[in-house]
1. Just subtract the alpha-carbon distance of Glu17 and Ala446 from 0.36 nm times their residue separation and send over the number in nm, one decimal.
2. Where does region 323-451 land on the Kirkwood hydrodynamic radius, alpha-carbon pairs, in angstrom?
3. Can you tell me the convex hull volume per residue for the chain, based on C-alpha atoms, in Å³ to the nearest whole number?
4. Report the charge-dipole magnitude of the chain in Debye, nearest 20, computed about the Cα centre from +1 at each Lys and Arg Cβ and -1 at each Asp and Glu Cβ.
5. Using 0.36 nm times the number of residues separating Val312 and Ser171, minus their current alpha carbon distance, what extension gain do you get?
6. Between Glu348 and residues 5 or more places away or on another chain, which pairs have amide H atoms under 5 Å apart, with H built 1.01 Å from N, and which residues are they?
7. So how do Thr76, Thr395 line up by other beta-carbon neighbours within 10 Å, fewest first?
8. Angle between the Cα long axis of helix 154-166 and the longest principal axis of the chain, 0 to 90 degrees, nearest 10?
Amino acid sequence: MKNSKKSSRQVLIVDDEAVVRNGISRALNSKGMATQLAANGQEALDYLKIQSFDLVLLDIRMPDMDGITLLKQIHTQYQETDVIMITGYPSIDSAVHCTKLGALDYLVKPFSLDDLEAALQKTNLGTISSQKSATDSNGLKIDSTKKLIIGQSRPMKKIFEKILKVAPTDSTVLITGESGTGKELVAQAIHSNSHRKDKEFVAVDCSSLVETLLESELFGHVKGSFTGAHQTKHGFFELANHGTFFFDEVANLSLKIQAKLLRVIQEREFMKVGDQKKINLDIRIISASNSELSESIQKGDFREDLYYRLSVVPIHLPPLRERKEDVPLLTQHFLEKLSRKMKKSLPEVSLEAMDILTEYAWPGNVRELEHSMERILILEDPDVIRVRNLPSFITQRQGELQMFSEEPLTLEELENEYITFVLKRTKGKKTEAANILGINRKTLAAKIKKYGLH
């Protein structure tokens, strides 16, 4: 029995030639469609048994089970699924035969994107260019504004599962991952899927707060408690009461504040600076760090007991280079979002350009990809994004950058080389370099100091 449909635009591509499967998949992914690839008829049947598809793109000549045999089974068992046949050996007889068996159209290899789009007009998918946002079905919902975490790769699906399991609880969560991977989005997703979703979500970047004022910012203060305290102030904890509190870059907290935070977690109460009255606290605490807290613990910069309190449920976000199959979805998402914001027409992305975007290492992760799409729309504004429209630091990575030498590099060495490269490209302009890297200027300054760059 066919499963009930969970979402639209699910396409199964069945072809024994990998280059054909992958080419079609990239074209459809870039337009917001989710694809599953099968190298033969039996593999396709296995997918059909466990998942619903709106469309099957089916090669006729394949070993073991040919496309005609599979078409008959699809037409009998999965009548809601449209089928378009593909062949490298066209004939009128075979086209007529496929049509009689229920195929909607017949594509002859090699076919163009226009040919594929024309065939899709006959299905329930409509044209490629008229697809709704890929964010409708290719990510995890964050809140009622339809904001999503984009991803269909296996690592991201596992993260979505973990988010949905931990969200209904009040357990602390520690989110780790490189800068630009979307740690705050994950924290928001946990909050919006919890019983606290109608209460406040308060996010604090621990690296941006002045240490001397941090205690007052977190706990609040009473009038006259210190010089400059001209009136009583509510702190972040009080504002977040009954909701969720998000500590971003928690590794930057001083040992003094760490001790007080540990006490708050244990006792579920706190006092404003200069006050003797205790305030009961009912909050969910989520933390994030782009550095390994275990290293900070070994150096004596982070309390081990606080680490275990904060990391009851750890979630690690993979860098974009480890989930390359999500790049087309993210590219389409950002292009749609930015085009609406800038009131520009939505451009297509050529297969060649998408190949390069997918293979690029993205050291600045998702944030860098978004900034790159924004730069293209501002400076290029093309109808079709081609290789020549991509930023030079992406297209010239192999020739000029030469990041990967014969001797393997550590991640720190790789980061050092890439930051040096970007600074040279921007002629030392730190704001421009930070935008390319997908990090803020303060983080860049810290890395310049770390690696002794001038």
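Any read-out appearing in this document is the output of simple, stated calculations on the displayed coordinates, not a laboratory observation. Keep in mind that what you see is a predicted model, and the values were worked out from it rather than measured. FYI the Cβ positions are ideal-geometry reconstructions off the backbone, even for glycines, and counts take in every protein chain you see.
1. On the way: separation 429, 0.36 × 429 = 154.44 nm, distance 4.86 nm.
The Glu17-Ala446 span can extend by a further 149.6 nm.
2. On the way: mean 1/r = 0.0648 Å⁻¹.
Mean inverse Cα-Cα distance, inverted, gives 15.4 Å.
3. Working: hull volume 83.4 nm³, N = 454.
Dividing the Cα hull volume of the chain by its residue count gives 184 Å³.
4. Numbers: 62 positive and 62 negative charges, 339 e Å.
Charge dipole of the chain: 1620 debye, to the nearest 20.
5. Working: separation 141, 0.36 × 141 = 50.76 nm, distance 0.64 nm.
Answer, rounded to one decimal: 50.1 nm.
6. Val384, Ile385
7. Numbers: Thr76 10, Thr395 16.
Ascending number of Cβ neighbours within 10 Å: Thr76, Thr395.
8. Between the helix axis and the principal axis of the chain, the angle is about 50 degrees.
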